[in-house]
Amino acid sequence: MNAPALRLSGSEPADALLSSDALALLIGLVLDQQVPMEKAFVGPHVMVERLGHALDAAELSAADPDEFAVMFATPPAVHRFPAAMAKRVQAMCGLLCETYDGRAENVWAGVTDGATLLRRLKTLPGFGDQKARITVALLGKQLGVKPTGWRKAAGEYGEPDVFRSIADITDEDSLRRVRQFKQERKAAARK
């Protein structure tokens, strides 16, 4: 098997899933909040293991909310806030079914400009402005989704040769540099 393109979870099987399954990637991005990055991005792989099959937006959105939350909360929990995140993942899957034929990659498929891509991402539950811009940068820098103006839409996250976000993580050194940037930014914000 070829090495995964994305290196976000610290787990080769989880990274392979993120690299090959757009829904897994979007779920990981939803979960990337108030937990370590690796925990968030291994979450989709944990879901696949618990479900026993590939992720499917229609199935996930139609699942019984209480049972879905239990699946998220079963130790080790998929997220620090399993009930809230289970609800958010189901909401995103519902929107994907209503708007994008249940296909996560349709969020960016055929998009011709970065502003449209950014606007589409911002409609997803759990995607504020910053996460949407980081996702534009991740798609452009690592997955070849480069509609006209994608760097501008990504803002500072789209700049080349920087280490600001998950969009810039390709190995251990870049992970260390992104963490250093985030620590410096937090320290500056406290001053």
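The values are calculated or read from the model by the stated rules, or taken from the named source; none is laboratory data. Quantities reported herein were computed from a predicted structural model and do not represent experimental measurements. Every residue, glycine as well, gets a Cβ built from its backbone with ideal geometry; the counts of neighbours run over all protein chains shown. The area values use the complete protein model at the heavy-atom level, side chains included, leaving out ligands, DNA and RNA. Shrake-Rupley method; radii C 1.70, N 1.55, O 1.52, S 1.80 Å.
Among the candidates 91, 109, 167, which residue alone is touching a helix residue (DSSP H, G or I) at 6+ places or on another chain (Cβ under 6 Å) and open to solvent by less than 80 Å² (accessible area, probe 1.4 Å)?
Going through 91, 109, 167 in turn, the sole match is 167.
What number of residues within region 112-145 satisfy the criterion of being more than 21 Å from residue 31 (Cβ to Cβ) and either open to solvent by 60 Å² or more (accessible area, probe 1.4 Å) or under 12 Å from the mean Cα position of the chain (by Cα) (or both)?
2
So how many residues does region 170-191 have that are surrounded by 13 or more Cβ atoms within 10 Å (Cβ to Cβ) and either closer than 23 Å to residue 116 by Cα or not hydrophobic (A, V, I, L, M, F, W, C) (or both)?
Initial filter on region 170-191 (surrounded by 13 or more Cβ atoms within 10 Å (Cβ to Cβ)): 170, 174-175, 177-179, 181-182.
Pick out the ones that are also either closer than 23 Å to residue 116 by Cα or not hydrophobic (A, V, I, L, M, F, W, C) (or both) and you get 170, 174, 177, 179, 182.
Adding up the residues that qualify gives 5.
Within region 66-79, restricting attention to residues that are assigned to a loop (DSSP other than H, G, I, E, B) and of a type in the set (Val, Ile, Thr), which residue is nearest to the chain's Cα centre (by Cα)?
The first filter runs over region 66-79 and keeps only residues assigned to a loop (DSSP other than H, G, I, E, B), leaving 74-79.
Then keep just the ones that are of a type in the set (Val, Ile, Thr); that gives 74, 78.
Values: 74: 21, 78: 14 Å.
Looking at the filtered set, the residue picked out is 78.
Going by the structure shown, is residue 30 touching a helix residue (DSSP H, G or I) at 6+ places or on another chain (Cβ under 9 Å) and more than 14 Å from residue 126 (Cα to Cα)?
So residue 30 does not fit the description; no.
If you go through region 54-63 one residue at a time, how many are part of a helix (DSSP H, G or I) and of a type in the set (Asp, Glu)?
Result for region 54-63: 1.
Each row is one residue, and each column tells you yes or no for (1) in contact with a Phe, Trp or Tyr (Cβ under 7 Å, 6 or more places away or on another chain); (2) among the aromatic types (Phe, Trp, Tyr); (3) at pLDDT below 95.
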site: 25; (1), (2), (3): no, no, no
site: 30; (1), (2), (3): no, no, no
site: 90; (1), (2), (3): yes, no, no
site: 94; (1), (2), (3): no, no, no
site: 110; (1), (2), (3): no, no, yes
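Could you tell me which numbered condition residue 75 fails, if it satisfies all but one of (1) free of Cβ contacts under 8 Å to residues at least 40 places away in the same chain; (2) open to solvent by less than 20 Å² (accessible area, probe 1.4 Å); (3) over 15 Å from residue 25 (Cβ atoms)?
Failed condition: (2).
Without any contact (Cβ under 8 Å) to a residue 40 or more places away in the chain, under 24 Å from residue 108 (Cα atoms) and of a type outside the set (D, E, K, R): is that true of residue 57 in this structure?
No, not satisfied.
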